[in-house]
1. So LEU81 ticks every box in (1) crowded, with 16+ Cβ neighbours inside 10 Å; (2) on the phi > 0 side of the Ramachandran plot but one. Which box is left unticked?
2. Can you say whether ALA177 is surrounded by fewer than 16 Cβ atoms within 10 Å (Cβ to Cβ) and not in a loop (DSSP other than H, G, I, E, B), as far as the supplied structure shows?
3. Scan segment 180-228 for residues that are touching a residue at least 40 places away in the same chain (Cβ under 8 Å), surrounded by fewer than 20 Cβ atoms within 10 Å (Cβ to Cβ) and assigned to a helix (DSSP H, G or I) and jot them down.
4. For a quick check of your reading of the model, give me the residue pairs whose first member lies in segment 269-281 and is within 20 Å of ALA29 (Cα to Cα) and at pLDDT 95 or above, whose second is of a type in the set (S, T, N, Q) and outside any helix (DSSP H, G or I), with beta-carbon atoms closer than 9 Å and at least 6 apart or on different chains.
5. Considering segment 131-152 alone, what residues qualify as being outside any strand (DSSP E or B) and either at pLDDT 95 or above or charged (D, E, K, R) (or both)?
6. Is there any pair with a first residue in segment 234-253 that is touching a residue at least 12 places away in the same chain (Cβ under 8 Å) and a second that is in a loop (DSSP other than H, G, I, E, B) whose Cβ atoms are under 6 Å apart and which are 6 or more apart or on different chains, and what are they?
7. Can you tell me which of TYR148, TYR154, TYR178 is within 20 Å of PHE86 (Cβ to Cβ) and touching a Lys or Arg at 6+ places or on another chain (Cβ under 8 Å)?
8. For segment 151-174, give me each residue that is buried (at least 21 other Cβ atoms within 10 Å of the Cβ) and over 13 Å from VAL98 (Cα atoms).
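The values are calculated or read from the model by the stated rules, or taken from the named source; none is laboratory data. Because the structure is a prediction, the values reported are computed rather than measured. Note that each Cβ is placed from the backbone with ideal geometry, even for glycine, and that neighbours are counted across all protein chains shown.
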Amino acid sequence: MQRHMNVCLVPLFNRPELLYHTLQNISKARGIEDITFLFKPDYGFNRENLEVIAGFNSMRSHIVPPERCPYPFRSRQSYNLLKGYFHAAAMAGPEGIVYMVEDDVIVGPDFFTWHNEAQQSPNFCTIASADTNTPEHDRPAPDGTTHYRSHGTYRSIGVAFSARVIHDHILPHVTAAYFNQPQTYIRSKFTHNPWGATWTEQDGLIRRIQVNNLLPILYPHTPKCYHAGYYSGNRGTRNAPWGTLDQRIKQVGDTIYDTDRMKQAAGKPMYFEDSKPVTFA
């Protein structure tokens, strides 16, 4: 029998105070004793992240040494995450599950157990956050169901893949051609897609891969995680916390679990809709 395991990939860079809350909530989730946590720091990362990781030493974990991206700067984030999938899938083995929890995602107690159950149904991936890409994402749950099928709605928030899907469908696109010229690559490989040559980072690439695949995305009727990144390189750092690591951890904690404060910190309505706190049962 071939050895396999379930692996949770955690990419990180420059927000150790958010990583603390991510890991604090992961540590309370059911089923983590059966998971290996693979931390993938981006090159030039804030080394306070290592201090945070060390504080959760009951989790079985491994840190991948940072790799300098040899491609244009615009591909840096995609390179780190997609290489992380490569390492995680290799560690998991073909029958394992690879969860991906970025350093600004807050998971609920049944995040991993929901994924494990949903992964038993045919799927391209399972996503435990709300499907904010469609207006009807708040769906009532029919009796006895834990998930619903979707298509073309991929988002990189609380996602899980079978390692086999990563090997067969994602890794063939993790190439120098994609990293060097993402737009050119997207145009040549995905000629029929509604996004043209826009949105070409890793989540846009994977969304196109799924659209070309017959397997569905599975979402929960009730979200099992949410995106808490109210500040970032993309959203700006105007409301980023300041001070010592402990002070920043407290400031983030005062914000990300409070709907009103999160709405104020997020700024734009579209950002708040993407980062609305969830009260877990």
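1. (2)
2. So ALA177 passes the test.
3. Correct list: ASN180, ASP203, ILE209, VAL211.
4. What qualifies is VAL278/SER129; VAL278/THR222.
5. So in segment 131-152, the residues outside any strand (DSSP E or B) come out as 131-146, 151-152.
Scanning segment 131-152 gives ASP131, GLU136, ASP138, ARG139, ASP143.
6. Listed by first residue and then by second, the contacts come to ASN239/TYR231; ARG248/PRO241; GLN251/PRO241; VAL252/PRO241.
7. Just one listed residue meets the conditions, TYR154.
8. Within segment 151-174, TYR154, ILE157 meet the criteria.
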